[in-house]
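> Just passing along the structure, written as structure tokens.
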Amino acid sequence: MHSDVSGELDQGDEIGREQEYVSMLYDRLDGLREQAARRLTEELRNTGGTQQARSQRDSTVRMYADQVEQYSAVEAGLCFGRLDGDDGSRRYIGRIGIFDTSGDYDPLLMDWRAPAARAFYLATAANPQGVRRRRHLRTRERKVTALNDEVLDIAAASPTAHEELTGEASLLAALNAGRTGRMRDIVETIQAEQDRIIRADLPGVLVVQGGPGTGKTAVALHRAAYLLYTHRQQLSTRGVLLVGPNATFLRYISQVLPALAETGVLLRTQADLFPGVQARRTEPAETAALKGRLVMAEVLANAVRDRQWVPDEPLEIELPQREILTLDPTVVREARDRVRRADRPHNLARALFDIEIVHALADQVAERIGADPLGGENLLSEADRAEIRRELREEPEVRATLDELWPVLTPQRLLADLYATPERIAAAAPMLTEAERAMLHREPGGWTPADVPLLDEAAELLGEDERAAAARRERIRSLQREYAEGVLEIARGSRSIDVEDEADGGEILGVTDLIDADRLLERQEESDRLTTAQRAAADRSWAFGHIIVDEAQELSPMAWRLLMRRCPSRSMTIVGDVAQTGALAGTPSWSEALAPYVADRWRLTELTVSYRTPAEIMAVAADVLTAIDPALRPPRSVRASGVPPWDRTVDADRLAAELVAATAREAVGLADGRLGVIVPAGRVAELGGAVTAALPEAAVGEQPELANRVVVLTTEQAKGLEFDSVLVVEPERIIAESPRGHSDLYVALTRATQRLGILRTP
């Protein structure tokens, strides 16, 4: 049990004392940032030396650039807590570790991830872990604005306090604060059940099941930061991938990890997991569900085999001087079958097929020009035959025939050709119904997110040819240039450096006077100087050290295949809620999703407390949860807002006008928060247009920064987000739009932190 007390001394005096210490920490932080910026600039000035020396300097440049970025990112809320021990010791807790370099290197600020800091999140009156008092510091910019003390003494505990909450006052203050369009970290208010998941062991697959508002996403992000801190050497070389449900969600969470001093995690959606492809095309949910089924792996394997063509009739190849060679279908079939037995990917097997066919053609030529007129053995030597084969390989007509019989394919070409040709679909997918095959047929013109796992599967079947390798090298070069410009941008923000001592009248030069992006790019190319995340983003075959998947219940079986290829070690954190599954090909159970890859070798942990959703709103959502599965139980809310949800029915022809009026009323009631208007997907353009026409501050759909105070969006777009107030429009239509409509409505109803309103039509 915990007790929030006013403090043994005057609060103002205590804040003043804490301000002195916090100001000292910021002075140290400024010194560290200035030192890193100076060293970055000095390293950028050094352009000569051996390649080994340049490579070492480039690694140093990246290290100092990362430090400058990290020191800037952790400035907000640098220090947020203090632990007073039974032995009289004091430990300040913050976002990074800062040490006293003038003495014994004692910690001035302890990183929240350090083992000794764990008591800040776990100590209770029943198990104080050597802690007498826990202090929560609230800061704004660099000023201490308030503090809350918890004396871990059962005798002094308040009967009104919640036993399971750590730092109740700080937690409730954070929960009741207005939303900003960016997710905040929870490093100051991590609760015990969350901490146990964040600090769970690295190996294996950890599944985090939790209902709306339980902090699943925050736990996943803080776990990424913790794992990188604890297993830095192991994960810094292989990297960490975090997969989110949509681009809006990734923008929403994008500032959390930098604020935790981690900038090396690769954030991606499923649509971005195939390098060089941006999958933004839309398609019916039923088509996406079909593409997500495991049967598509068999369809693609058949599609590849179908491109290994055997003609029905003999093929004539006309060479110069009107010489004609003939390829019999039996010869082609036998060559194809021998190559298939080698069990190589299609593109890599092409060389073997070429050998088989060229040898067969060379034998024809040899029979014509080397035949003994007296009927004896062929007069050509093996060297003569080898020369014939070499000449045949160079003949354009022969190469064209080989391309026709066994084409070198990219995943994009294989899939585009399959979709565009009903005959190819029929040949590759005899196991599908006629209606399902018709769903796959489409004209070229971009890729959908559901295509990405299929492209990845195709890449595995085809193997990488030289053209794909060249495209990957070009992607890497583009990333190198972006990195070079980013480093110089960081350096521009640091102080100019004297070339000689300023007192001696030396010239003052900035780093951009000494090196430009092109020169820095040359240095990068010499040593392949990309960050781990950048290299991983450009390389489809990259094996990550750890993968974190948020909203994992939305993944199809084919998407799971893709992710498992990206992590052969099966070190993964899977975060989601099967009750919120909206995708038709989504996960019905964690066992079904994971069994093909790890059998029963995975751990399940649950988050049971909803911090975001007030009890009044959770009661409404609980009825929908029962419709999904009567056995499911909603998470327990830790607070009540005091504002009951309202539910109103309006005439259908008045819906747009009533929605505009309701939106305006709710917007006025928001001091500095945000309002989400969740509408049926089929009416988002119509209703969104009505709202934006009346309210200039409103926006529709996925906005670049989600900065608008009022946003009209669909349930899919709202997944993973939160708003102070939410209006749900036509819930019956949301249900009707999808076979998993109740799950969609459950998501929509649980996005609010304060207020909920529902508009229905008869």
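The values are calculated or read from the model by the stated rules, or taken from the named source; none is laboratory data. All figures in this text were calculated on a predicted structure; none of them were measured in a lab. Every residue, glycine as well, gets a Cβ built from its backbone with ideal geometry; the counts of neighbours run over all protein chains shown. We work out accessible area using only protein heavy atoms, side chains counted, and drop any ligands, DNA or RNA first. Shrake-Rupley method; radii C 1.70, N 1.55, O 1.52, S 1.80 Å.
> Can you tell me the length gained on complete extension of the stretch A192 to R368, counting 0.36 nm per residue apart and subtracting the Cα distance?
Values: separation 176, 0.36 × 176 = 63.36 nm, distance 8.47 nm.
So the extension gain works out to 54.9 nm.
> Take the solvent-accessible surface of the protein heavy atoms, probe 1.4 Å, and return the percent of it on the stretch 116-157 that carbon and sulfur atoms account for. Before the final figure, lay out the partial values.
On the way: 890 of 1870 Å².
Accessible surface attributable to carbon and sulfur in the stretch 116-157 totals 48 percent.
> Compute the signed sum of charges (Lys and Arg +1, Asp and Glu -1) over the other residues within less than 11 Å, Cβ to Cβ, of T448.
Working: positive: R280, R281, K291, R442; negative: E283, D451.
Within the 11 Å Cβ shell, the charges total +2.
> Next up: Treating the beta-carbon of each Lys and Arg as +1 and of each Asp and Glu as -1, no other charges, what is the dipole magnitude of the stretch 642-762 about its Cα centre, to the nearest 20 debye?
Numbers: 12 positive and 17 negative charges, 37 e Å.
In debye, rounded to 20, the stretch 642-762 gives about 180.
> Can you order the peptides 85-98, 203-216, 65-78, 591-604 by their average number of other Cβ atoms within 10 Å per residue, highest first? Kindly include the intermediate steps, with their values, before the conclusion.
Numbers: 85-98: 17.2, 203-216: 22.0, 65-78: 18.9, 591-604: 13.9.
Ranked by mean Cβ neighbours within 10 Å, highest first: 203-216, 65-78, 85-98, 591-604.
> Counting only protein heavy atoms and using a 1.4 Å probe, what share of the accessible area of the stretch 194-266 belongs to carbon plus sulfur, as a whole percent?
On the way: 1000 of 1970 Å².
About 51 percent, which is the carbon plus sulfur part of the accessible surface.
> Also: At 0.36 nm per residue, minus the direct Cα-Cα distance, what do E397 and Q233 gain on full extension? Give it in nm, one decimal, please. Show your work: numbers first, answer last.
Numbers: separation 164, 0.36 × 164 = 59.04 nm, distance 5.43 nm.
Working it through step by step, the gained length comes to 53.6 nm.
> May I pose another question? So the label point goes 7 Å from the Cα of Y597 along Cα→C-beta, right? Which residues of the stretch 271-287 then have their backbone N under 19 Å from it?
271-275
> Now for a separate question. Provide the net charge surrounding Y229, with neighbours chosen by a C-beta distance below 15 Å and charges set as Lys +1, Arg +1, Asp -1, Glu -1.
Numbers: positive: R95, R113, R118, R199, R223, R232; negative: D66, D111, D185, D195, D201, E262.
Counting the neighbours of Y229, the net charge comes to 0.
> If you average the alpha carbon positions of the stretch 744-762 and of the stretch 87-139, how far apart do those two centres end up, in angstrom?
After rounding, the separation between the Cα centres reads 41 Å.
> Heads up, I need the accessible area for E616: 1.4 angstrom probe, whole protein in place, Å², nearest 10.
40
> Hey, any idea what % of the stretch 596-731's accessible area is carbon plus sulfur with a 1.4 Å probe?
Working: 3150 of 5900 Å².
The value for the stretch 596-731 is 53 percent carbon and sulfur by accessible area.
> To the nearest Å, what is the center-to-center distance of the stretch 436-452 and the stretch 603-648, using C-alpha atoms only?
38
> Once R0 is set to 30 Å, what does the formula 1/(1 + (r/R0)^6) return for the Cβ-Cβ distance between A53 and D100, expressed as a FRET efficiency to the nearest 0.05? Spell out each step's value before the answer.
Working: r = 34 Å, r/R0 = 1.12.
E(calc), rounded to 0.05, equals 0.35.
> What is the extension gain from D623 to R338, computed as 0.36 nm multiplied by their sequence separation minus the C-alpha to C-alpha distance, in nm to one decimal? Walk me through the intermediate numbers first.
Details: separation 285, 0.36 × 285 = 102.60 nm, distance 6.18 nm.
My answer for the length gained is 96.4 nm.
> Under a Cβ-Cβ cut-off of 14 Å, what is the net charge of the residues other than A383 that fall near it, where Lys and Arg count +1 and Asp and Glu count -1? Spell out each step's value before the answer.
Values: positive: R385, R389, R390; negative: E382, D384, E387, E391.
After counting each charged neighbour, the total is -1.
> Another question about this same structure. Please find the FRET efficiency linking E434 to W309, where r is the Cβ-Cβ separation and R0 is fixed at 35 Å, and quote it to the nearest 0.05. Each step should come with its number before you reach the end.
Values: r = 24 Å, r/R0 = 0.70.
The pair E434/W309 has a calculated efficiency of 0.90.
> If you don't mind, another one. Given the whole protein assembly as supplied and a 1.4 Å probe, what does the accessible area of W447 come to in Å², nearest 10?
40
> Can you list residues whose amide H is under 5 Å from V700's amide H, if they're 5+ apart or on another chain and H is modeled 1.01 Å from N?
V712
> On the full set of protein chains, 1.4 Å probe, figure out the accessible area of T217 and give it in Å² to the nearest 10.
Accessible area, nearest 10 Å²: 20 Å².
> Separation between the E732 and R442 pseudo-spin-labels, each 7 Å from Cα along Cα→Cβ, expressed in nm?
Distance between the two pseudo-spin positions: 3.2 nm.
> Hey, another quick one. Once the dipole of the stretch 251-297 is set up with Lys and Arg at +1 and Asp and Glu at -1 on Cβ about the Cα centre, which of L267, A289, I253 lies farthest towards its positive end?
Ranked along the dipole, the leading option is A289.
> List the lysines whose Cα lies under 22 Å from the Cα of K291, skipping any in the same chain that are fewer than 8 positions away.
Correct list for K291: K719.
> Measuring from a point 7 Å past the Cα of T605 along Cα-to-C-beta, which residues in the stretch 118-132 have an amide N at less than 17 Å?
Output list for this probe position: 118-123.
> Now for a separate question. Keeping all protein chains in place, calculate the accessible area per residue for the stretch 612-734 (probe 1.4 angstrom), answer in Å². The partial results should precede the final answer.
On the way: 5130 Å² over 123 residues.
Result: 42 Å² per residue.
> For the stretch 281-331, treating each Cα as an identical point scatterer without solvent, what Debye log10 I(q)/I(0) comes out at q = 0.17 1/Å?
Per q value, in the given order, log10 I(q)/I(0) is -0.69.
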